[in-house]
Amino acid sequence: MKLKTLAFVFSAAAIVGGYSASAFAQAPIVIKFSHVVAADTPKGKAADRFKELAEKATNGRVKVEIYANSTLYKDKEELEALQLGAVQMLAPSLAKFGPLGVKEFEVFDLPYIFPSKDVLYRVTEGPIGQGLMKKLEPKGIIGLAYWDNGFKVMSANKPLHHPADFKGLKMRIQSSKVLDAQMRQLGANPQVMAFSEVYQALQTGVVDGTENPPSNLYTQKMHEVQKHVTLSNHGYLGYAVIVNKKFWDGLPADIRKALDGAMKDATKYANAISQQENDRALDAVRKSGKTEIYSLNDKELGEWRKSLLPVQTSMAGRIGPDLVNAINKESQALGYKQ
């Protein structure tokens, strides 16, 4: 009901304003930018940087309102809110587009498909990444940019050194068939849960562990309720900055151009600080003394890769074998072997 009510209010405003250039000239164009992580994460800082750049580039003709940490919408609600026009901009994790019907985005969830950031950027900044963004348009969404948040670590209240250590654990995941298959392959029981609910679920034992880049783990204080973290770097977490298509198409051309420029600069900033922020968060977790951090040795890493590689094969039919092969070719072009 909340979303429908907001959508009605937004639609009524649109009818009155008509998205006309004259209406936009009378008052600042408001962009509500909602996201689910803390303001001091890479995504949170990048959103704030976009606000600063966008308002400056448009000489105040655009006002960007940032709603961080699920203050406006939770994971499951935000995409529907964008499609209805209740918010104009989001930066959801790439895993969110599978449930929306664009299964190809789940390729980003495949374990160990990106052996390095070099391979990742060849994908997101090249034809593959742009082709994926185009698939959002029939859903009423325009994809503006990819924002990096780094590789994920595993956490739990027991050591996770080998795949067998996951057996029977309840592990929180985002709503992704690939992540579900990943946890089941490890012998764990995947539990889909909104990001804003994870800390309490870990604290109360509703789930035993989860996966996150260090910056999310630390800023959500999950390390306070997780005794062990394994630097597995098994999967990737990135975001797509998206905007409501009707809203975007209705903007004056000069405003759209200015916002595009601001987004390009904010994206450079986001990707530049990602590793730095994750390193800083990991150091803070280590200094807290509340969580033991474990680095996999080469033999253990080989076990993890061998255990999780079947997920790539089993999910290729869902995601698209040609897409999976195309990304693997990007890896091979940089000298990596599957």
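Throughout, read-outs are computed from the coordinates displayed, never taken from laboratory work. Quantities reported herein were computed from a predicted structural model and do not represent experimental measurements. Methodologically, a virtual Cβ is constructed for each residue, glycine included, from the backbone with ideal geometry; neighbour enumeration extends over all protein chains shown.
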* **Magnitude of the charge dipole, the chain, Cβ model with Lys/Arg +1 and Asp/Glu -1, debye to 20** => 300 debye
* Geometric extent, Cα atoms of segment 161-209 - Rg, Dmax (angstrom) -> 10.5, 29
* Asked: Going toward the positive end of the dipole of the chain, with +1 on Lys and Arg Cβ and -1 on Asp and Glu Cβ, which of P214, I128, A253 do you reach last?
  -> A253
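Provide the three semi-axes, in whole Å and in decreasing order, of the ellipsoid equivalent to the chain as defined by the square roots of 5 times the Cα gyration tensor eigenvalues.
Working from the Cα gyration tensor, I get semi-axes of 35, 22, 19 Å.
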* **Per-residue ³J(HN,Hα) for segment 78-95, Karplus 6.51 cos²θ - 1.76 cosθ + 1.60, θ = phi - 60°, Hz, x for Gly and Pro** => 5, 5, 5, 4, 5, 5, 7, x, 6, 10, 9, 9, 9, 9, x, 5, 5, 5
* **Anchor K287: aspartates and glutamates whose Cα lies under 18 Å away (excluding residues fewer than 8 positions away in-chain)** => E224, E277, D279
* Structure fact -> Using the Kirkwood formula on alpha carbons, the hydrodynamic radius of segment 93-222 in angstrom works out to 15.8 Å
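May I ask which of K139/K227; K139/K264; K152/K290 have a Cα-Cα span longer than 31 Å here?
Working: K139/K227 41 Å; K139/K264 23 Å; K152/K290 19 Å.
Listed pairs above 31 Å: K139/K227.
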* **Charge dipole magnitude, Cβ of K and R +1, D and E -1 - segment 250-304, Cα centre, debye nearest 20** => 260 debye
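Suppose we keep just the DSSP beta bridges with both residues in the chain; what percent of those would be antiparallel, to 5?
Numbers: 18 of 36 bridges.
Once the DSSP bridges in the chain are tallied, antiparallel ones form about 50 percent.
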* To do: Please report the Cα spread of segment 153-273 along all three principal axes, rounded to whole Å, starting with the longest.
  => 56, 27, 24
* **Helical contribution to [θ] at 222 nm, DSSP H n ≥ 4, -39,500 (n - 2.57), averaged over the chain, rounded to 500** => -15000 deg cm²/dmol
* Amide H to amide H, which residues 5 or more places from A145 or on other chains are under 5 Å from it, using H placed in the peptide plane? -> V241
* **Helix axis angle, 321-333 relative to the chain longest principal axis, alpha carbon, degrees** => 70 degrees
* Amide H partners (placed H, <5 Å) of V64, local residues excluded -> I31
* DSSP-defined beta bridges in segment 133-233 - what % are antiparallel, rounded to 5 -> 55 percent
* If you line up the long axis of helix 253-288 against the longest principal axis of the chain, both from Cα atoms, how many degrees apart are they, to the nearest 10? -> 30 degrees
* For M154, enumerate residues with amide H under 5 Å from its amide H, sequence gap 5+ or separate chain, H modeled in the peptide plane. => T230, S232, N233
* Which whole-Hz couplings ³J(HN,Hα) result when phi for each residue of segment 296-304 is put into the Karplus expression 6.51 cos²θ - 1.76 cosθ + 1.60, θ = phi - 60°, listed in order with x for Gly and Pro? -> 5, 7, 4, 5, 5, 4, x, 5, 4
* **Farthest toward positive dipole pole in the chain [+1 Lys/Arg, -1 Asp/Glu at C-beta], among A156, F97, F166** => F97
* 25 °C / 0.890 mPa s Stokes-Einstein diffusion coefficient of segment 231-299, Kirkwood radius on C-alpha pairs, µm²/s -> 155 µm²/s
* Of the cross-linked pairs K221/K246; K103/K257; K135/K257, which ones have a Cα-Cα span greater than 26 Å in the structure shown? -> K221/K246; K103/K257
* **For segment 59-163, average projected area of the Cα convex hull in nm²** => 9.6 nm²
